[in-house]
């Protein structure tokens, strides 16, 4: 049975759906029962309770650890308090992993890479790592923790898109504006990059790793970054509504890059993303984009 922490998050929901489709037994964990989309979810506050999992230690054959105090949630500002919560969650799951001896997948972030350089970031290029906030510091610590013992695969995730996308994120805002036939305002020169990967592709990679665990760090991205200007143009084209204007307001993140080498995922798991940016936007046209606490 596969333990899935953070089962109500954007990745967790899509992963659980795929596991169901493949008839792979799994145990989803959530910390907010009212928000749970899975009737069978086990409700545990992983930052403060790991004993409740002890009864399942002999049943778990793999762990997918997605839970964290992610700053995209309104509940978790990017500060030391939230970072400490993420560290406690990681430590508790690491303790449980040692009890089970099960291989683990740890969801980290491409946000650890230095966004100010134009080079393509490879997993082994330690000079490209820049810890720029308390959350990223906690994720860097999590990588080190899980690589210190046992079989753990670290997935460094780019910008995931799919059902449950937070309303304050740039793609949500662009789609919401376009479908109301509004004007998408581009700050600065529109050169800031992001790499948007569909949650279906992420779930596919996770399942492949579960079948053949490796002690490795793997970039989980499309390898095809887009600028904010290109993103806006793509949204308007797919939604077939809205327009674009440049704003005199400066974007303090102009020039940020999102260039990730994804060859390792292909070499290790014959994996490549299948959903285009256009596919992802089309599937999100009717999304509600309501904030929740999960």
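A single member of 4, 70, 64 is touching a helix residue (DSSP H, G or I) at 6+ places or on another chain (Cβ under 8 Å) and at pLDDT below 95, and it is 70. Here 216, 258, 265 are screened, and the one residue that is under 18 Å from the mean Cα position of the chain (by Cα) and closer than 19 Å to residue 14 by Cβ is 265. Looking at 189, 181, just one residue is modelled with pLDDT under 95, more than 19 Å from residue 260 (Cβ to Cβ) and surrounded by fewer than 16 Cβ atoms within 10 Å (Cβ to Cβ), and that residue is 189.
Restricting attention to the range 7-32 and to residues that are more than 15 Å from residue 104 (Cα to Cα) and more than 18 Å from the chain's Cα centre (by Cα), the residue that is modelled with the lowest pLDDT turns out to be 32.
Being surrounded by fewer than 17 Cβ atoms within 10 Å (Cβ to Cβ), in contact (Cβ under 8 Å) with a residue 40 or more places away in the chain and at negative phi is a property that residue 204 lacks. Looking at residue 256, is it surrounded by fewer than 19 Cβ atoms within 10 Å (Cβ to Cβ) and not in a loop (DSSP other than H, G, I, E, B)? For residue 256, the condition - surrounded by fewer than 19 Cβ atoms within 10 Å (Cβ to Cβ) and not in a loop (DSSP other than H, G, I, E, B) - is not met. Scanning the range 214-230 for residues that are part of a helix (DSSP H, G or I) and surrounded by fewer than 23 Cβ atoms within 10 Å (Cβ to Cβ) turns up 229, 230. Taken together, 211, 233 contain a single residue that is out of contact with any helix residue (DSSP H, G or I) (no Cβ under 6 Å at 6 or more places or on another chain), free of Cβ contacts under 8 Å to residues at least 12 places away in the same chain and surrounded by 16 or more Cβ atoms within 10 Å (Cβ to Cβ), which is 233.
Of the residues that make up the range 153-164, is at least one modelled with pLDDT of 95 or more, within 15 Å of the chain's Cα centre (by Cα) and within 13 Å of residue 235 (Cα to Cα)? No - not one qualifying residue is present in the range 153-164.
The values are calculated or read from the model by the stated rules, or taken from the named source; none is laboratory data. Computed from a predicted model, the values in this text were never measured in an experiment. Virtual Cβ from ideal backbone geometry, glycine too; neighbours counted across all protein chains shown.
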